[in-house]
Amino acid sequence: MALRTIRIAGDPVLEKKCREVKEMTPRLKELIADMYDTMYDGNGVGLAAPQVGILKQICVIDVAVEEDEEPQPLTLINPKILESDGEQTGDEGCLSLPGKTGQVTRPMHVVVEALNENMEPVRIEGEGLLARALCHEIDHLEGHMYMEKVEGGLKDVNYEDDEEEP
């Protein structure tokens, strides 16, 4: 597996709509594995193929953010949001816009239909952070970034807030 270069906001590839995946190939399996490595290396909870320069409808998500949590990797191919309800507003960030966050309102609950890495149909229900991540990554596949939805402007991330007191 390998780390891929993450495209940064302003790169035209991030503004393009992705193509549907018709069949799984060894190269796409390698891409998916690389996307997980790249996402985990960047401490992200999701990564979409255009963020590594590939215009395919593929994204990976893992919302197990605590060190003691068991990984919960989700590979989504050609995902579509079928239902959404409720509302949540919170800080959102993106590996393609490092060092920044912004308040974004997203659905509290979503139902997504997609294919997994074996090209088998899956249906995923997401609440809270998973719902946010699903919406965020599916937006990437449509050529949109979260900055378009930010309420009140972007803020610099203060990494010191993440450190525990001595």
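The values are calculated or read from the model by the stated rules, or taken from the named source; none is laboratory data. The shown structure was predicted, so the numbers you read here are calculated from the model rather than taken from an experiment. Neighbour counts run over all protein chains shown; Cβ positions are idealised from the backbone, glycine included.
Having 3 or more residues that are within 17 Å of Leu134 (Cβ to Cβ) and of a type in the set (Gly, Ala, Ser) is the bar; report the strands (runs of 3 or more DSSP E) wholly within the stretch 1-101 that clear it.
Result: empty, no element qualifies.
Just give me the residues in the stretch 55-90 being over 14 Å from the mean Cα position of the chain (by Cα) and closer than 22 Å to Asp37 by Cβ, in sequence order.
Selection gives Leu55, Glu66, Glu67, Asp68, Glu69, Glu70, Pro71.
Take the residues in the stretch 47-61 that are within 16 Å of Leu3 (Cβ to Cβ) and not hydrophobic (A, V, I, L, M, F, W, C), then tell me which one is surrounded by the fewest Cβ atoms within 10 Å (Cβ to Cβ).
Gly53
Residue pairs, Cβ under 8 Å, 6 or more apart or interchain, first in the stretch 1-24 and of a type in the set (Ser, Thr, Tyr), second assigned to a loop (DSSP other than H, G, I, E, B). List them.
Thr5/Gly53
Residue pairs, Cβ under 8 Å, 6 or more apart or interchain, first in the stretch 111-123 and within 17 Å of Leu141 (Cα to Cα), second β-branched (Val, Ile, Thr) and part of a loop (DSSP other than H, G, I, E, B). List them.
Here the result reads Leu115/Val21, each pair linking the stretch 111-123 to a residue that is β-branched (Val, Ile, Thr) and part of a loop (DSSP other than H, G, I, E, B).
For residues that are in a loop (DSSP other than H, G, I, E, B) and at pLDDT 95 or above, tally how many sit in the stretch 120-166.
Number satisfying all stated conditions: 6.
Only one of Glu117, Glu92 is surrounded by fewer than 19 Cβ atoms within 10 Å (Cβ to Cβ) and not polar (S, T, N, Q). Can you tell me which?
Glu117
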